[in-house]
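Have a look at the structure that comes next, please.
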Amino acid sequence: MSFLVLLLMVAAAVFAPLLAPTDPYDLAQINIMNSELPPVGMSGADAAFPLGTDAQGRDMLSTILYGTRVSLLIGFGAVVLQAVLGILFGLLAGYLGGRVDSILMRIADVQLSFSTLMVAIIVGAVFKPASAT
């Protein structure tokens, strides 16, 4: 069942230009007079915008479909990068062995000793946006 949901999301992302009522990146299609319209089924809704619009008047359904493309690209790209690096370092450790294997294993031990929350806190502190004063 989850594979069907994933397949549906990938298909919606691939065919977003055909499925989306508007292109959220095309500034000529954005009308500020259509801003913050509610979804169909609520009072004041417009049938042209099934999920309503945002503050700039962009169609939410189109925004979701086009946003899915970016999210899936980042997710699949991260998995491919991790697989390539994992296979490369695994092959190096297995083929060269000895000292290289020991160094790579110590690096892996250090990496595994950090908790996910601690890594998130460190990344958040490093990339913290500068507050305007």
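May I ask you to list the chymotrypsin sites (Phe, Trp or Tyr not before Pro) in region 6-107 that are in a DSSP loop and have at most 13 other Cβ atoms within 10 Å of their Cβ?
Phe15, Tyr25
To test your reading of the geometry: what angle, between 0 and 90 degrees and rounded to tens, separates the Cα axis of helix 2-14 from the longest principal axis of the chain?
Once rounded, the angle reads 60 degrees.
Between region 4-64 and region 71-101, how far is it from one alpha carbon centroid to the other, in angstrom?
After rounding, the separation between the Cα centres reads 38 Å.
In deg cm²/dmol, rounded to 500, what helix-only [θ] at 222 nm does the chain give when every DSSP H run of at least 4 residues adds -39500 (n - 2.57) and the total is split over its residues?
The helix-only estimate for the chain comes to -20000 deg cm²/dmol at 222 nm.
Can you tell me the 0 to 90 degree angle between the C-alpha axis of helix 60-96 and the longest principal axis of the chain, rounded to 10?
It is inclined by approximately 10 degrees.
Determine the gain in length on full extension of the stretch Leu104-Val126; use 0.36 nm per residue of separation and subtract their C-alpha separation, reporting nm with one decimal.
Difference between extended and current length: 5.4 nm.
By how many degrees, between 0 and 90 and to the nearest 10, does the Cα long axis of helix 98-113 differ from the longest principal axis of the chain?
40
Same structure, new question: Given R₀ = 35 Å, what would the calculated FRET efficiency be for Leu7 paired with Phe89, taking r from the Cβ atoms and rounding to 0.05?
It comes to 0.65.
With springs connecting C-alpha atoms under 10 Å apart, model the chain as a Gaussian network and identify which of Leu85, Leu73, Leu96 has the largest mean-square fluctuation.
Maximum fluctuation in the GNM of the chain, among the listed residues, is at Leu96.
Applying the Karplus parametrisation 6.51 cos²θ - 1.76 cosθ + 1.60 with θ = phi - 60° to the phi angles of region 16-23, what ³J(HN,Hα) value in whole Hz is obtained for each residue in order, glycine and proline being reported as x?
After applying 6.51 cos²θ - 1.76 cosθ + 1.60, I find 4, x, 8, 8, 6, x, 9, 9 Hz.
A follow-up question, please. Tally Lys/Arg at +1 and Asp/Glu at -1 over every other residue whose Cβ is under 12 Å from the Cβ of Tyr25; what's the total?
That sum, taken over residues with Cβ under 12 Å, equals -1.
How much solvent-accessible surface does Ser113 expose, in Å² to the nearest 10, with a 1.4 Å probe and all protein chains in place?
For Ser113, solvent-accessible area is about 90 Å².
What is the local net charge at Leu37, summed over the other residues whose Cβ is closer than 14 Å to its Cβ (Lys, Arg +1; Asp, Glu -1)?
Local charge sum for Leu37: -3.
Same structure, new question: For volume of the Cα convex hull per residue in Å³, several values are listed as (i) 97; (ii) 115; (iii) 226; flag the one computed from this structure.
The listed entry that was calculated here is (iii).
The values are calculated or read from the model by the stated rules, or taken from the named source; none is laboratory data. Since we're looking at a predicted model, the values are computed, not measured. We place every Cβ from the backbone using ideal geometry, glycine too, and count neighbours over all the protein chains shown. Side chains included, ligands, DNA and RNA excluded: accessible areas come from the protein's heavy atoms. Shrake-Rupley method; radii C 1.70, N 1.55, O 1.52, S 1.80 Å.
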